[in-house]
Amino acid sequence: MPDWSYHPLLKPLTDWLPTSTRRTLALRGLRAVTAVPGGFLLVDFLGRMRPDRSLETRLNGMPLISPIGLGGGVDPDALAIGALGRFGFGFIEVGPYALGSDNHWPILRAPLIAGMEPHRLGARLRSRPPHTSVWLRLALGEGGPGSILNIERLLESVDGAIDVVCISILQPEAGTSGDSDVRGTWRRLLGVCREQGISTVLVDYPRSGLLSAIQPALDAGAGGLVIRTSAEPMDAVDVWATVRQARAAMASPGLVVVAGGARSPRDVVEAFEAGADLVVVDQGLIEAGPGLAKRSNEALVAMRMRTASNDAAPGTPPPLQAASRSGWPWLVLLGLGMLIAGAVIFWVGITRVLLPYDEVFLGVARDNLTSINPRLLGFMRHDRITLAGTMMSIGILYASLAWNGVRNGQRWARDAVMASGVVGFASLFLFLGFHYVDPLHIVLSASLFPLFLLGIVLPLRARGSVSSDLDNDSRWQLGLAGQLLFIGLAVGLIGAGLTITTVGVTRVFVFSDLQFLHTAAGTISGANAHLLPLIAHDRAGFGGALASDGVALLLLSLWGLRRGERWVWWTFLCAGLTGLAAGVYAHLAVGYLEFGHLLPLAASAVTFIVALSLTGPFLLTRRPSGL
C-alpha cells in the first residue's frame, strides 16, 4: 500500500467499509504479502523506504536504523510487523495491552485500537525484520501483584523479542499512602523487566497530565518518558515547552520521546528540532499514508545536512576529480549515445528505410519492394520510426537520471538505469528467434555496453535522499494521483513491449497489420523468404526497447517523485513527448490509422497529459528556503 495507491485508489474504494474491516483487510493483506517467499522484496521494491545510514542511532547500545518509530494502536497485535518493519521505522511499538483488574477501560481513541491477543505476540514477533526494534506498550489499571505477574508472564512468552517497555502512569488506589506505594510498584516493575533482559523502561506522560504524576517512575529508575499527544494534532501542542519541561524533570541522560501528534513530516521535523530524542507516529500513519516514515526520514536527512553544511568548513574535492572516480559520466554518455543512435535510426526511417546490408540480406533493392506489396516499405518505415522514438526517449531518461540522480549520489537512480539497461541489452539476443543479425544493432550495442558496465561497476558516492515534502497538502494529493497514472502508463509500456516482442518472434504480424497491408503473412513469405525475419527483427527490437523504456519510467515514477524535484517533471515531459511524437508521426506518415491499432497510443497520450498536469504543481514548486 504505497501512498500512490493508498490515497488515490484504495481509500476511496474502501471508504464505505467499517474502519475495523478496512484495518483488518490492510493488515492481513500486508501479512499475506510478506508470508509469501520473497514477498518482502515486493514491499522493498514498491516503497524503497529503508532510511539513510546517516539516521542510524543507538538507544542504550541498541542500534536503530531511524529515530522515527510506529506507535501502538496501529497494529497492536503485530499482525503485519513483517511488512510494517520495512516502512522506514527504526522501531515498532506493539500494544497497548491493558493489564489489571479491568481490561476493558478505554486506552486509546479511534481509529487506534488496543491489543487483544497478547498470547499470540511471541509467535508473531518471530517474523519481524532483523533490523527492527520492538517496543511493548502496557497500560495498568492497578499496580498490585496480579498486574506485575501478568507483565512477567507476557515478557516470558515473547522470549526476548521486546527491547523497550513503555508503561502508562500508575494511579494509586484509594486509601493507599500515595507516592511511596507507587514508587515501590515501579521498582518491582523495573526489576521484572530487567530480569527479562529489558534495560530500558519508559513511562507514558499524557500531554494533559502533570509531570508530578510520573515523578515516582522517574525516581524509581525509569529511563525516560514518552510524551503522548495522540488525541490532538501536533501543531496544537507546544512541543518546545513540553520537551523542555520533560528535560527538567529527569536526571540526565534521560530519553524524551514525542509520540502521537505527528500527522506530517513537518510535525516530525519540528519535534526533533524541539529536542526530542525519538519521535513516534501512530494515527498520522493512518491519515497520511504508509510513506509517512520515508518522507519524514528524508526531511530529517535534509535538516541534518543543512545543519552540517552550516558548520562545515569549505574544501570539497574538485568536481572533475570526483567525476573521474564515479560512474555517472559514463551513464550520461550512455544516454547521449542512445539519443544519437535513435536520431540516426529516425533519419534512416524517414529517408531510405532499408540500409544496404538489409537489401543484401533480402536480395532485393528497396525500390523493388513495392512490387511485392505497395504498402510494405511504409509499414517498415512505421516500425523503424517508432523504434527510433523509443530509443531517444530512453536516452533522455538515462542522461537525466545520470546527471540529476547518479551524479548526486542517488542509488535509486543508478538502479533504475541498471534495470532498464539489462532489459534493453538482453533484447539483443532476440535474433535467436528470427535468425537475422543486424550489423548496426551489433555495433551500437557493442559501443554502448561498455559505457553501461562502467557506469554500473564504478563506485557510487552514495548520499541519502532528501526531501522538502513536509506537508500533506493538495499539491501532494494531486501528485500522488499523477504518480499512480505514470506508474500505470509505465506498466502498460512494459506489457506492450513484451507483447510486441512475443508477436515479433512468433507470428510477426497482428491482425491490424495484415489489414493495413491487405495481404497475409504467407503471401509475404512466399514472395521473399527473408522478408519475415527482417520485419520480425524490427518488431522484436522495438518491443524490447519499449519494455526497457517502460522499466526506466516505472522506476523513476516509483522512486523519484519528491516535492520540488523539477528535473523529474521535465524528464517526464521530454522523454514522453519524444516517444509519443515519433509514434504519432510514424502512423500519420504512412497512413496506418486503424482505430484499434491507434487506441493504445491515444490512451497513452491522454494518460501522459493528465499525469503531467497532476504532478506539475507538486514537482515544479520551489523548495522551501528552510530545506
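The values are calculated or read from the model by the stated rules, or taken from the named source; none is laboratory data. Worth saying up front: this structure is predicted, and the values here are computed from it rather than measured. With ideal geometry, Cβ positions are generated from the backbone for all residues, glycine too; neighbour counts draw on all protein chains shown. Please note that ligands, DNA and RNA were not included when accessible areas were found on the heavy atoms of the full protein model with its side chains. Shrake-Rupley method; radii C 1.70, N 1.55, O 1.52, S 1.80 Å.
Among the residues making up region 47-74, none is in a helix (DSSP H, G or I) and β-branched (Val, Ile, Thr). Name the single residue that is farthest from the chain's Cα centre (by Cα) among those in region 35-46 being assigned to a helix (DSSP H, G or I) and within 25 Å of Ala490 (Cα to Cα). Here the residue is Gly39.
Condition check: within 17 Å of Leu556 (Cβ to Cβ) and not in a loop (DSSP other than H, G, I, E, B). Does Ala446 satisfy that? Quick ask: steps written out before the conclusion?
Working: within 17 Å of Leu556 (Cβ to Cβ): no; not in a loop (DSSP other than H, G, I, E, B): yes.
In short, no.
Within region 457-480, work out how many residues are under 19 Å from Arg48 (Cα atoms) and not aromatic (Phe, Trp, Tyr). Break it down into steps so the answer makes sense when it comes.
Let us first name the residues in region 457-480 that are under 19 Å from Arg48 (Cα atoms), namely 460-470, 476, 479-480.
Those left that are additionally not aromatic (Phe, Trp, Tyr): 460-470, 479-480.
Qualifying residue count, region 457-480: 13.
Scanning region 459-485 for residues that are open to solvent by 50 Å² or more (accessible area, probe 1.4 Å) and either under 21 Å from Gly405 (Cα atoms) or assigned to a helix (DSSP H, G or I) (or both) yields a total of 9. Of all residues in region 360-378, those being assigned to a helix (DSSP H, G or I) and either closer than 12 Å to His530 by Cβ or free of Cβ contacts under 8 Å to residues at least 12 places away in the same chain (or both) number 9. Within region 8-26, does at least one residue satisfy the condition of being at pLDDT 90 or above, in contact with a strand residue (DSSP E or B) (Cβ under 7 Å, 6 or more places away or on another chain) and either open to solvent by less than 70 Å² (accessible area, probe 1.4 Å) or not in a loop (DSSP other than H, G, I, E, B) (or both)? Scanning region 8-26, I find no residue that is at pLDDT 90 or above, in contact with a strand residue (DSSP E or B) (Cβ under 7 Å, 6 or more places away or on another chain) and either open to solvent by less than 70 Å² (accessible area, probe 1.4 Å) or not in a loop (DSSP other than H, G, I, E, B) (or both), so the answer is no. On the basis of being more than 26 Å from the chain's Cα centre (by Cα) and not charged (D, E, K, R), does Ala527 make the cut? So Ala527 passes the test.
Being assigned to a loop (DSSP other than H, G, I, E, B) and open to solvent by 10 Å² or more (accessible area, probe 1.4 Å) is a property that Arg563 has. Can you tell me how many residues in region 146-186 are loosely packed, with under 15 Cβ neighbours inside 10 Å, over 22 Å from Ala78 (Cβ atoms) and either modelled with pLDDT of 85 or more or out of contact with any helix residue (DSSP H, G or I) (no Cβ under 6 Å at 6 or more places or on another chain) (or both)? Residues flagged as loosely packed, with under 15 Cβ neighbours inside 10 Å, over 22 Å from Ala78 (Cβ atoms) and either modelled with pLDDT of 85 or more or out of contact with any helix residue (DSSP H, G or I) (no Cβ under 6 Å at 6 or more places or on another chain) (or both) within region 146-186 amount to 11.
Residue selection: Asp415 satisfies the criterion of being under 23 Å from Asp52 (Cα atoms) and acidic (Asp, Glu).
Can Arg407 be described as under 16 Å from Ile456 (Cβ atoms) and open to solvent by 30 Å² or more (accessible area, probe 1.4 Å)?
So Arg407 fits the description; yes.
If you go through region 34-60 and keep only what is without any contact (Cβ under 8 Å) to a residue 60 or more places away in the chain, open to solvent by less than 50 Å² (accessible area, probe 1.4 Å) and within 24 Å of Gly73 (Cα to Cα), you end up with just Val43.
Selection of region 410-424 for residues being open to solvent by 10 Å² or more (accessible area, probe 1.4 Å), of a type in the set (A, V, I, L, M) and closer than 16 Å to Gly327 by Cα yields Met418, Ala419.
For (1) open to solvent by less than 50 Å² (accessible area, probe 1.4 Å); (2) modelled with pLDDT of 90 or more; (3) within 22 Å of Ala589 (Cα to Cα), each residue gets a yes or a no:
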site	(1), (2), (3)
Val301	yes, yes, no
Ser309	no, no, no
Pro319	no, no, no
Ala322	yes, no, no
Leu331	yes, yes, no
Gly349	yes, yes, yes
Glu359	yes, no, no
Asn373	yes, yes, yes
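For region 283-299, a residue qualifies if it is surrounded by 24 or more Cβ atoms within 10 Å (Cβ to Cβ), in contact with a strand residue (DSSP E or B) (Cβ under 7 Å, 6 or more places away or on another chain) and either of a type outside the set (S, T, N, Q) or more than 18 Å from Gln477 (Cβ to Cβ) (or both), and the qualifying residues are Leu292, Ala293, Asn297.
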